[in-house]
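Here the structure is laid out as structure tokens; the discussion comes afterwards.
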Amino acid sequence: GELEGKVVIITGANTGIGKETARDLARRGARVIIACRDTAKAEAAASEIRAETGNQEVIVKKLDLADTKSIREFAERFLAEEKELHILINNAGVMLCPYSKTADGFEMQLGVNHLGHFLLTFLLLERLKQCAPARIVNVSSLAHHGGWIRFHDLQGEKCYNRGLAYCHSKLANVLFTRELARRLQGTKVTANALHPGSVYSDLVRHSFVMTWLWKIFSFFLKTPCEGAQTSIYCAVAEELESVTGQYFSDCQPAYVSPRGRDDETAKKLWSVSCELLGIQWD
């Protein structure tokens, strides 16, 4: 396959879109690292993918994006064990969860969907640059249209709505992608974001109403396999070799909300994220 000799990390690839993305890239011959919190589920997914694709290089490594200590341990171990990294797919996500905090005291959806992936990308970026051309793919959502960055209450302590918090975190993915692409100009490392399509997956497990609506409307929804197509496209399409800072849906450029195109907000979110994580990323 065309990804022979390429190393890919996919976060949250034990189920849904992430698993289908892993399956497809394994079929193309990549060495696929499935980075997950639930390693038992991930091992089951990995062995299914190995059996089906004949690619034995589908590896599970533990990563809990709700804990910066786990993120640092994952990155350290990965960098020690693997010499290369060509594609990083920040796919994992939590959706509509009741108010809760990560190990570091971040609101769960912003903490996992944005800050966890922000830190992971920071820790792996040198390796991506060394292996360029390389790609970073951030799974965002159409939901970013409903979000804004509430700098005065980033952790939702004053006011929390789980649907809105999800939208805010997905807007953060778009803004992060935009600013990251700007900073990576000239490195041959690209960064793009995408909306996978409305997919029936584990993401709705927190909401009875959503699960019920999902079942009724499932005719209009994509299967995880269909939902994974845009992630795969962003990861492998030859015509995207030098395309960066874009947002895709259905394997084509899509409309980004005005808030998602605001460079000032993107820069401010970047510096606030660094502050929260205690990192210097220039």
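The values are calculated or read from the model by the stated rules, or taken from the named source; none is laboratory data. Owing to the predicted nature of the structure, the values given are computational and were not obtained by experimental measurement. Neighbour counts are summed over all protein chains in view; Cβ atoms, including those assigned to glycine, are modelled from backbone coordinates with ideal geometry. Quick note on the areas: whole protein, heavy atoms, side chains included, nothing else; ligands and nucleic acids left out. Shrake-Rupley method; radii C 1.70, N 1.55, O 1.52, S 1.80 Å.
A few comments on the model shown:
- Conditions (1) surrounded by 23 or more Cβ atoms within 10 Å (Cβ to Cβ); (2) out of contact with any Cys (no Cβ under 7 Å at 6 or more places or on another chain); number of the one not met by Leu194: (2)
- Residue list for the range 180-214, restricted to those being more than 24 Å from Gln109 (Cα to Cα) and either at pLDDT below 65 or not β-branched (Val, Ile, Thr) (or both): Arg182, Arg183, Leu184, Gln185, Gly186, Lys188
- Here Gly105, Gly111 are screened, and the one residue that is open to solvent by less than 40 Å² (accessible area, probe 1.4 Å), more than 18 Å from the chain's Cα centre (by Cα) and among the small types (Gly, Ala, Ser) is Gly105.
- Test result for Ala92, closer than 19 Å to Leu25 by Cβ, out of contact with any helix residue (DSSP H, G or I) (no Cβ under 8 Å at 6 or more places or on another chain) and of a type in the set (A, V, I, L, M): no
- Contact map, the range 49-62: residues that are under 18 Å from Glu4 (Cα atoms) paired with residues that are open to solvent by 50 Å² or more (accessible area, probe 1.4 Å) and assigned to a strand (DSSP E or B), Cβ distance under 7 Å, separation 6+ or inter-chain. Pairs shown: Glu57/Arg31.
- Restricting the first member to the range 164-177 and to residues that are at positive phi, and the second to residues that are open to solvent by 20 Å² or more (accessible area, probe 1.4 Å) and not aromatic (Phe, Trp, Tyr), no beta-carbon pair is closer than 6 Å while six or more apart or on different chains.
- The conditions of being more than 19 Å from Thr230 (Cα to Cα) and either over 15 Å from the mean Cα position of the chain (by Cα) or not aliphatic (A, V, I, L, M) (or both) are not met by Leu65.
- Note on the range 1-90: enclosed helices (runs of 4 or more DSSP H) holding 2 or more residues that are farther than 25 Å from Thr102 by Cβ and open to solvent by less than 30 Å² (accessible area, probe 1.4 Å) are 16-27, 39-53.
- Selection within the range 230-254 - of a type in the set (Gly, Ala, Ser) and open to solvent by less than 50 Å² (accessible area, probe 1.4 Å): Ser231, Ala235, Ala237, Gly245, Ser249, Ala254
- One residue stands out in the range 116-142 among those that are closer than 17 Å to Tyr166 by Cβ and among the hydroxyl-bearing types (Ser, Thr, Tyr): the one that is surrounded by the most Cβ atoms within 10 Å (Cβ to Cβ), namely Ser140.
- Tabulated pairs, the range 86-106, first closer than 30 Å to Thr187 by Cα, second among the charged types (D, E, K, R) and in a loop (DSSP other than H, G, I, E, B), C-beta under 6 angstrom, 6+ apart or interchain: His86/Lys6
- Number of positions in the range 158-171 that are touching a strand residue (DSSP E or B) at 6+ places or on another chain (Cβ under 8 Å) and either buried (at least 20 other Cβ atoms within 10 Å of the Cβ) or not hydroxyl-bearing (Ser, Thr, Tyr) (or both): 1
- Residue list for the range 143-157, filter: open to solvent by less than 40 Å² (accessible area, probe 1.4 Å), more than 24 Å from Ala13 (Cβ to Cβ) and either in a loop (DSSP other than H, G, I, E, B) or touching a helix residue (DSSP H, G or I) at 6+ places or on another chain (Cβ under 8 Å) (or both): Gly146, Gly147, Ile149, Arg150, Leu154, Gln155, Gly156
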